[in-house]
1. Run the quick spin-label model on Leu55 and Val279: label points 7 Å from Cα toward the beta carbon, then report their separation in nm to one decimal.
2. P(r) tail for segment 163-291, what percent of Cα pairs lie past 16 Å?
3. Which translational diffusion coefficient, to the nearest whole µm²/s, is obtained for segment 81-239 from the Stokes-Einstein equation, given a Kirkwood hydrodynamic radius over C-alpha pairs, 4 °C and 1.567 mPa s?
4. For the pair Phe198 and Ala28, how long in nm is the line joining their label points, each one 7 Å along Cα→Cβ?
5. Please give the contour-minus-distance gain from Glu289 to Ala75: 0.36 nm per residue of separation, less the Cα-Cα distance, rounded to one decimal in nm.
6. Strictly over 29 Å apart at the Cα level, which of Lys122/Lys242; Lys183/Lys220; Lys122/Lys183 would you flag in this model?
7. Work out how much length Gln106 to Trp259 would gain on full extension: take 0.36 nm times their residue separation and subtract the Cα-Cα distance, in nm to one decimal.
8. If the convex hull of the alpha-carbon atoms of segment 165-220 is projected onto planes in all directions, what is the mean projected area in square nanometres?
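What follows is calculated from the coordinates using simple rules that are stated; it is not laboratory data. Since we're looking at a predicted model, the values are computed, not measured. Using ideal geometry, Cβ is built from the backbone for each residue, glycine included, and neighbour counts are taken over all protein chains shown.
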Amino acid sequence: MTKPRDNRNINNHNSGDEDFLGLRAIGAITRREIKLGFRNPWSYSFMVLFALFGLALLSIQTRQGGEDYSGTTGAMINLILYLLPLMTLLLGSFSITAEKEEGGWQLLSTYPLGSSSYMIGKFAGMTYVLLVIVAVGFGLSGLVSSFVTHSYSWTSFMLFLMFSAMLVLMFLSLALLIGTLCKNRWQALTFGVAVWFFLVLGWPTLLVALLGLVPYTLIKPLLMLLVFLNPAELSRLFLVVKLGGGSVLGPEYYKWVNWMYRPEGTVTFLASSLLWIAVLLIAAIVILERRRRRA
């Protein structure tokens, strides 16, 4: 009598094959994205700008004798805050919309490639490219500082590096969502610049206008909620407070955000950033999968 086959073993075997193929697909997309990223002349342009920013930060810290926070340091934070999110939004969204325009996504759709594998591979590859740009910029300043001066604050250096890396990760997940929603690069450019303007340039004005319309008792909880909904503002406040410049925010505002200075503030910041990244990536994957099925 023939022994019946164990369907559970077959299902487990098929599931293992699918997981392996998914990991291989993620690796292939990641390697492809890294190659395309380093072939893009924009990447090297931004790398040069970040190198100049890093050397400017070194010069500022040297003249101040190692002071952690000052007006010039605040200006440096704003320069990074203006350039890095815009760079990430454009490069990240263009990486998806360019494939839609050139037919690359239609070709990839003919292969057994899951939407999650595609998006995770995109995120991993673009993360590598953008973090290399940031690391070269700040690494050059650190290398020069080791030969030129001993007054450079390595704590400030690491905080700036962490600030830039988290900005890249959070805005990259947002950029991939924008690229998923847009049909071409012109749409991605329009939406990317609009989102950058809203979250970076227009945020303080909109925040003051909105908080002026609510009762005083609701200002603090609403302010905390809005801070966590804006990755640029959350990162900026975290860096300013950690550098000891919380007093420039004003006594009342600093009293509300001084929790960032404590050790648990770092954990809260990292956890909030990772949640931001996960939510946006999941949203991008779900939208991409729905559009793929409709097509």
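1. Each label point is offset 7 Å from its Cα along the Cβ direction, giving 4.1 nm.
2. Of all Cα-Cα distances in segment 163-291, 67 percent exceed 16 Å.
3. Working: Rh = 17.8 Å.
Rounded, D is 73 µm²/s.
4. According to this spin-label approximation, the distance is 3.6 nm.
5. Values: separation 214, 0.36 × 214 = 77.04 nm, distance 4.20 nm.
Full-extension gain reported as 72.8 nm.
6. On the way: Lys122/Lys242 32 Å; Lys183/Lys220 39 Å; Lys122/Lys183 17 Å.
Check vs 29 Å cut-off fails for Lys122/Lys242; Lys183/Lys220.
7. Working: separation 153, 0.36 × 153 = 55.08 nm, distance 4.83 nm.
Computed gain between Gln106 and Trp259 is 50.3 nm.
8. Mean orientational projected area (segment 165-220, Cα hull): 5.2 nm².
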